[in-house]
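The values are calculated or read from the model by the stated rules, or taken from the named source; none is laboratory data. This structure is a prediction, so every number in the text was calculated from the model and none was measured. Here Cβ is always computed from backbone atoms with ideal geometry, including for glycine, and neighbour counts include all displayed protein chains.
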Amino acid sequence: MALYVVAKQGLSTALADGPLTVEQLAAATGTNADVLRRIVRALAPLGVFRTEDGLVEVTDLGATLADGQPGSVRDLGLFWWKPTTRPSVNSCTRP
């Protein structure tokens, strides 16, 4: 779900021109800074973001979720990660 938020809210797109603070990124994307900080903290160890000196930077992996970037899989991710697109656990199990 965190990757869906990155793609949907345009976090990687907003970071394409360079690193920003969490507060700047939140303002640029219309997101809540506290929630955004948690998402960045969760995805940084996975290589989506890099953080240093209070700045958030998108990595090459994270850039694949940016709109308009070569090799972007943002639209595919939005389709597959959208909560209503994925089959529910109940639909995959027998009654």
- Query: Quick one: would you say Gly47 is in contact with a helix residue (DSSP H, G or I) (Cβ under 7 Å, 6 or more places away or on another chain), modelled with pLDDT of 80 or more and exposed (fewer than 12 other Cβ atoms within 10 Å of the Cβ)?
  - Reply: yes
- Query: Is region 61-75 home to any residue that is in contact (Cβ under 8 Å) with a residue 60 or more places away in the chain and crowded, with 16+ Cβ neighbours inside 10 Å?
  - Reply: yes
- In region 1-18, residues that are more than 13 Å from Val35 (Cα to Cα) and either in contact with an Asp or Glu (Cβ under 8 Å, 6 or more places away or on another chain) or assigned to a helix (DSSP H, G or I) (or both) total 10
- Message: For region 23-43, give me each residue that is more than 20 Å from Asp75 (Cα to Cα) and either without any contact (Cβ under 8 Å) to a residue 12 or more places away in the chain or in contact with a Gly (Cβ under 8 Å, 6 or more places away or on another chain) (or both).
- Response: Glu23, Gln24, Ala26, Ala27, Asn32, Ala33, Asp34, Val35, Arg38, Arg41
- region 48-80: number of residues that are polar (S, T, N, Q) and out of contact with any Lys or Arg (no Cβ under 9 Å at 6 or more places or on another chain): 2
